[in-house]
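Values in this text are rule-based calculations from the coordinates and carry no lab data. What you see is a predicted model; the values in this text were computed from it and never measured. Cβ coordinates were reconstructed from backbone atoms using ideal geometry, including for glycine residues, and neighbour counts include every protein chain displayed.
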Amino acid sequence: MYVNSSVIMATINFYLDKPDRKGQAPIHLRINCGGSQIKLATGHKITPEHFDKKSQRVLNYSSDFKGVNHYLDFLTERADELLHHSNKKSFSQDEIKEKLNQYISSYRENHSVSIVKEQVSIFGKPFTFVDLFAGAGGFSEGFLQAEVNNKFFDFIAASDINENCELTHVVRYNHQLGLNAEFLRQDITEPDFLDNFLQKIAGKQIDVVCGGPPCQSFSLAGKRKKFDKKDDLFSHYLEVIKVLQPKYFVMENVKGILTKENGKIKDIIIQEINSIVDVKEIPVLISFIRKMKSNKDGFLLDCIVKRVELEKLRDVEVEAGREDFIRFVDSRFRQITPKIADYKTSKTDDRINTIRHGFNILARTKEWEKLKRDIIKEKDFCNVDGDAFAEHFTSFLTHISSENIIDQIEIAFGELNVPASFRKDCDDIITALRIYTTSFDETVETLIGLSSKEEKTQLLKILESIRLYKIEKPFIANASNYGVPQNRERVLFIGCRKDQKFISEIPPTVKAGDKVTVFEALHDLDFVGNNEEAHNYELVDISKQFNGTAQKVMGLIKKRSIEGKENSKTGKTFAEWSKEGRLIDRYKPNTKPFYVRNFDSLLKGEKDFDILNNHKTSNQNEDVVKRLQIILDIGDYKKAQCQLDECGLSSNKRNYNVLKPEEQSSTIMTIPDDYVHYNSPRALTVREMARLQSFDDSFVFQGKRSTGGNSRKTDVPQFTLVGNAVPPLLARAVASEILKNIK
């Protein structure tokens with residue numbers, strides 16, 4: 001029997017079947033069309049008096065009525081879409097049942113399992129990891145895909161500042177995968193971040209820390225802002241490393257970081273990593289410095305001891321230690337003040353006051369840093385940049401920095417008529433203040449300069465054992481070398497603890513000539529047009545779409561292993577891996593994927609159990625479609641400019657990236673309109689961008705699809721989640737290399 005919805009409109013309603021022994025009646029979906037009738041059990045039962053026959057919805061008598069009604073609305077929408085808005089007009093009853101039962105089984109599965117399970121298997125060796133600046137969870141996905149010699153990763157916690165990042169994490173890892181991984185939504189620069197994150201970890205030893213501090217402030221594609229709130233996030237990342245002291249840590253960033261400030265930023269990052277010390281070895285260094293002191297002027301060496309001791313302190317202790325350091329230097333200044341200035345000058349001279357007050361400012365570094373952080377946040381929120389205000393903000397923030405305060409103190413010393421016999425004392429005070437603001441690595445350079453040849457040899461041996469991490473230089477990784485259909489170059493800083501095997505690079509998993517192409521990644525999703533949304537997979541007729549070139553493009557589809565190596569015997573296509581999922585068996589999903597609008601919808605149980613998620617195209621007007629068709633036909637935006645001008649279809653848009661089916665895509669960013677589909681005059685969907693990033697189809701991006709205007713400062717919609725993510729297959733390669741080497 002067939003249902004022809006093009007002739008007669010189908011009716012869709014719900015009714016209750018007979019109650020069971022507990023008085024619970026099953027809710028059934030019924031479809032009537034032209035004398036034909038289809039009945040489907042929805043999988044939900046209810047007390048009959050709680051069901052309104054007129055509205056065919058659950059009354060407000062149970063705690064989950066909103067979630068159940070949302071589910072019934074969802075089924076109504078999908079049945080209506082199938083029967084009245086699909087390209088196919090005739091269906092067999094079995095076809096309709098099969099389609100709708102997919103949604104129903106997803107709902108049943110979600111309501112019949114526990115959402116929390118133990119991650120650690122009896123078999124195999126788990127290593128723990130946390131994900132900072134987690135975003136959508138690209139690092140987390142890749143780490144949960146990795147398994148080497150029965151070693152795998154146990155996901156402990158993640159952190160990010162945005163609510164939609166947390167929502168996507170909670171739905172994916174807690175609900176869908178059933179893991180107990182924690183999430184902290186907090187700015188890493190806030191003073192209590194570390195304490196709160198340690199609470200989430202709950203005393204567990206962390207083996208690996210991964211994360212990519214936001215890179216907008218030094219991206220080659222964006223503006224370089226001074227005092228941007230994102231500029232110094234890597235130092236806060238390293239503060240977490242200092243406390244957790246993992247066996248390995250991975251920091252991902254844009255390639256532009258290598259050339260920022262003529263390479264100085266890269267050098268600072270390496271220097272800061274080298275400055276992370278093994279606190280157990282600090283007493284050995286301090287003992288050595290005190291032996292040096294017996295043969296030399298002890299003031300600077302005492303300052304170095306105090307600076308080295310700061311490495312052992314945390315949180316409140318650090319602030320007290322810093323103030324003690326400055327007061328120690330201030331005490332030295334008080335001792336020599338009568339020798340470099342008479343009594344009246346010492347009380348009234350503005351140069352003496354500059355030095356004295358400078359010490360007071362430096363002693364309250366914590367308070368000034370908090371003020372600076374708050375101003376930068378407000379400056380960023382108000383978008384103060386490239387205007388009349390920016391210079392004033394920058395000037396003030398520069399003047400309150402510790403480095404500038406020390407510069408002013410040095411200038412004041414230089415303007416005083418200091419007797420020659422006390423100039424070294426003044427120079428030592430300035431050197432001591434410089435030590436206060438420098439990294440451990442720079443402090444060591446000062447110490448080496450004060451040591452004799454014999455002492456230097458001993459000192460270098462001590463320093464070799466005191467540095468906790470080894471890193472020589474950052475590694476540039478192109479995602480396409482790891483099975484990702486995208487030429488996305490990223491810089492990886494891989495820190496290896498001194499008791500672990502050194503990792504300097506991540507070997508490619510795919511040969512240069514065998515990289516995954518755009519067509520391999522997207523061909524099976526090419527069934528949506530302009531302003532359309534698909535909730536299920538449909539067959540794609542490649543022969544019809546490509547006519548004479550069908551055989552050529554079909555040749556692009558290859559059987560591969562997960563990481564992208566060609567494997568014609570047991571491999572799967574990239575699209576098949578995307579549908580099946582790449583997670584290792586112990587992390588296979590507990591439930592089918594689902595989408596929610598926000599946390600409120602999640603709490604109410606208002607979940608959409610689609611078979612295919614995030615596959616909606618933008619509503620582009622006729623002129624935009626014509627413009628994209630011209631660009632697509634010519635194959636290049638710049639080359640199409642003349643024809644666009646002639647047709648009155650020119651645009652102020654800086655660039656359109658036309659996808660080439662036989663190549664890899666360019667770097668996927670956060671704006672879908674920057675890309676033109678290889679076969680249709682349209683932008684990409686979230687799901688297509690996710691495929692190009694190597695996310696599994698079961699990974700659902702939650703919340704709003706896109707945003708604009710001022711909301712871009714705070715919102716992280718689906719497109720942004722995708723564009724900012726670390727490609728999971730790249731993360732998988734990193735995780736696998738660590739598992740090969742970790743002890």
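Return the distance in nm (one decimal) between the two label points of a simple spin-label model at LYS291 and GLU95, each offset 7 Å from Cα along Cα→Cβ.
So the label points at LYS291 and GLU95 sit 8.7 nm apart.
Wrap a convex hull around the Cα atoms of the chain, take a quarter of its surface area, and give that in square nanometres. Please list the in-between numbers first.
Details: hull surface 167.3 nm².
With the hull built on Cα positions only, its mean projection is 41.8 nm².
Just to confirm the filter: which chymotrypsin sites (Phe, Trp or Tyr not before Pro) across the range 474-562 are DSSP coil and have at most 12 other Cβ within 10 angstrom of their Cβ? Please list the in-between numbers first.
Numbers: sites: PHE475, TYR482, PHE493, PHE502, PHE519, PHE527, TYR537, PHE546; in loops: PHE502, PHE527, TYR537.
Passing both the DSSP loop test and the Cβ count: PHE502.
How many angstrom lie between the C-alpha centres of the range 575-636 and the range 4-76?
28 Å
For the Cα atoms of the chain, what angle does the longest principal axis make with the long axis of helix 390-399, in degrees from 0 to 90, nearest 10?
The angle comes out near 40 degrees.
How large is the Kirkwood hydrodynamic radius of the range 600-704, in angstrom, based on all distinct alpha carbon pairs? Working shown, then result.
Values: mean 1/r = 0.0650 Å⁻¹.
It is 15.4 Å.
Given the pairs LYS247/LYS572; LYS579/LYS743; LYS18/LYS39, which span a C-alpha to C-alpha distance of over 25 angstrom in this model? Please report the intermediate quantities before stating the final value.
Details: LYS247/LYS572 34 Å; LYS579/LYS743 34 Å; LYS18/LYS39 14 Å.
Over 25 Å apart, Cα to Cα: LYS247/LYS572; LYS579/LYS743.
About its Cα centre, how strong a charge dipole does the range 305-447 have in debye, to the nearest 20, once Lys and Arg get +1 and Asp and Glu get -1 at the Cβ? Please list the in-between numbers first.
Working: 23 positive and 29 negative charges, 139 e Å.
I would put it at about 660 debye.
In percent, how large is the relative contact order of the range 513-730, given Cα pairs closer than 8 Å and 6 or more residues apart?
Details: 339 pairs, mean separation 52.4, N = 218.
Across the range 513-730, relative contact order equals 24 percent.
Calculate the FRET efficiency for GLU622 and HIS111 from the Cβ-Cβ distance with a Förster distance of 45 Å, rounded to the nearest 0.05. Could the numbers behind the result be given before it?
On the way: r = 45 Å, r/R0 = 1.00.
Result of the calculation: an efficiency of 0.50.
Can you tell me the length gained on complete extension of the stretch LYS372 to MET554, counting 0.36 nm per residue apart and subtracting the Cα distance? Could the numbers behind the result be given before it?
Values: separation 182, 0.36 × 182 = 65.52 nm, distance 5.75 nm.
In short, 59.8 nm is gained.
What is the packing order of peptides 687-695, 248-256, 621-629, taking the mean over residues of other C-beta atoms within 10 Å and listing the highest first?
On the way: 687-695: 28.4, 248-256: 23.3, 621-629: 16.2.
So the peptides 687-695, 248-256, 621-629, ranked by packing, come out 687-695, 248-256, 621-629.
Given an 8 Å cut-off on Cα distances and at least 6 residues of separation, report the relative contact order of the chain as a percent.
On the way: 1236 pairs, mean separation 116.4, N = 743.
The normalised contact order for the chain reaches 16 percent.
Could you tell me the relative contact order of the range 383-499? Use alpha-carbon pairs under 8 Å, at least six residues apart, and round to a whole percent.
On the way: 61 pairs, mean separation 17.6, N = 117.
Rounded, it is 15 percent for the range 383-499.
Just add up the charged neighbours of VAL540: K/R +1, D/E -1, any other residue whose Cβ is under 11 Å from the Cβ of VAL540. Could the numbers behind the result be given before it?
Values: positive: LYS544; negative: ASP524, ASP526, GLU538, ASP541.
Its environment carries a net charge of -3.
What Kirkwood Rh does the range 233-281 have if only Cα atoms enter the pairwise 1/r average? Answer in Å. Kindly include the intermediate steps, with their values, before the conclusion.
On the way: mean 1/r = 0.0843 Å⁻¹.
Kirkwood hydrodynamic radius for the range 233-281: 11.9 Å.
In units of 2.2 N^0.38 Å, what is the alpha-carbon radius of gyration of the range 444-569? Can you show the working numbers first?
Working: Rg = 25.6 Å, N = 126, 2.2 N^0.38 = 13.8 Å.
The reported ratio for this selection is 1.86.
Compute the Rg to Rh ratio over the range 305-447 from the alpha carbon atoms, using the Kirkwood formula for Rh, and round to two decimal places. Walk me through the numbers on the way to the answer.
On the way: Rg = 17.2 Å, Rh = 16.8 Å.
That ratio equals 1.02.
What is the helix-to-structure angle for 350-363, meaning the angle in degrees between its Cα long axis and the longest Cα principal axis of the chain, kept from 0 to 90 and rounded to the nearest 10?
Compared with the principal axis, the helix lies near 40 degrees.
What FRET efficiency would be calculated for the residue pair THR348, SER401, taking the C-beta separation as r and a Förster radius of 25 Å, to the nearest 0.05? Can you show the working numbers first?
Values: r = 28 Å, r/R0 = 1.11.
My answer for the efficiency is 0.35.
Summing +1 for each Lys or Arg and -1 for each Asp or Glu, what net charge is found among the other residues whose Cβ lies under 12 Å from the Cβ of GLU109?
Residues close to GLU109 contribute a combined charge of +3.
Exceeding 28 Å between C-alpha atoms, which entries from my cross-link table qualify? They are LYS280/LYS501; LYS264/LYS511; LYS242/LYS456; LYS22/LYS604; LYS45/LYS99.
Working: LYS280/LYS501 20 Å; LYS264/LYS511 33 Å; LYS242/LYS456 26 Å; LYS22/LYS604 25 Å; LYS45/LYS99 22 Å.
Flagged as over cut-off: LYS264/LYS511.
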